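The block underneath contains the structure these notes are about, expressed in structure tokens.
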Amino acid sequence: MQPYFLPYIGYFQLVAAVDVFVVYDNIKYTKKGWINRNRMLENGQDAVFSLPLKSGSDMLDVRERELAADFRPDKLLARFAGSYRRAPQFARTLPLLESVLSCPERNLFGYLHQALVRTCAHLGLPTEIRVSSAVEIDHDLKAQDKVLAICRALDAQTYVNAVGGQELYTREAFAAHGIDLRFIQSRPLAYPQLGDPFVPWLSIVDVLMFNPLESVQHWVRAHHDLI
């Protein structure tokens, strides 16, 4: 799976659904994707937050990109605090954000990886997280072939992907290697957000700010379907 910065709850539902979660570091960084950005609630509406990056070639992998020298974690933390200070679980969630944002790592993948590990720990997820480049396969493989190679290298019997991957992978190809292909689909989730109309599918930060940690942990483990 691609790395993302503080992604939506469905990402963590995928982590919770597997024994080993492989996060890609040796894939191309895409400017228009969500690798280094996500959405938060700000003045009752969704707003994008992001990690600024140093200029770099479009051909670079995620692990070859660096955070911008002028990135100010304290300013991003202050933005979160300003938006969520009145949220019922602000005091319980702020330490996670402080931990994630204060990481001294300036390599993009390193920063995203630590954010993932720390958020999973906060959610009580024991899933083993592996980095793709450390799995012994032919890393020139692409798309479905690369996924199949990783599954074989890890002796996987089942591969679970986000539901959007239904257009990318075929059950027949996985079955030919003795692997059951499944997709995870998040169930609709709504909760009060400071009295404004509900804005769905924001960062996991939003879910944690407005709901008890125990409820979020339950939703991560159970509020989805495997198809």
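Taken together, the values in this text are just the output of simple stated rules run on the coordinates, not laboratory data. Keep in mind it's a predicted model, so treat the numbers as computed, not measured. Note that each Cβ is placed from the backbone with ideal geometry, even for glycine, and that neighbours are counted across all protein chains shown.
Numbers below:
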{"item": "Those residues of segment 42-95 which are closer than 26 Å to Leu213 by Cβ and assigned to a loop (DSSP other than H, G, I, E, B), in sequence order", "result": "Asn43, Gly44, Leu51, Arg85, Arg86, Ala87, Pro88, Gln89"}
{"item": "Selected residue (criterion: nearest to the chain's Cα centre (by Cα)) from residues of segment 10-52 that are under 13 Å from Ser203 (Cβ atoms) and hydroxyl-bearing (Ser, Thr, Tyr)", "result": "Tyr11"}
{"item": "Residue check, Glu98 outside any helix (DSSP H, G or I), touching a helix residue (DSSP H, G or I) at 6+ places or on another chain (Cβ under 8 Å) and either surrounded by 13 or more Cβ atoms within 10 Å (Cβ to Cβ) or of a type outside the set (Gly, Ala, Ser) (or both)", "result": "no"}
{"item": "Elements of type strands (runs of 3 or more DSSP E) in segment 111-227, at least 2 residues being touching a helix residue (DSSP H, G or I) at 6+ places or on another chain (Cβ under 8 Å) and over 20 Å from Tyr4 (Cα atoms)", "result": "180-186"}
{"item": "Whichever residue in segment 81-95 is among the charged types (D, E, K, R) and exposed (fewer than 14 other Cβ atoms within 10 Å of the Cβ) and, among such residues, is farthest from Asn38 (Cα to Cα)", "result": "Arg86"}
{"item": "Residue satisfying all of: in segment 37-80; of a type in the set (Ser, Thr, Tyr) and more than 24 Å from His139 (Cβ to Cβ); surrounded by the most Cβ atoms within 10 Å (Cβ to Cβ) among these", "result": "Ser50"}
{"item": "One residue from Glu167, Glu128 being loosely packed, with under 15 Cβ neighbours inside 10 Å and within 13 Å of Val23 (Cα to Cα)", "result": "Glu128"}
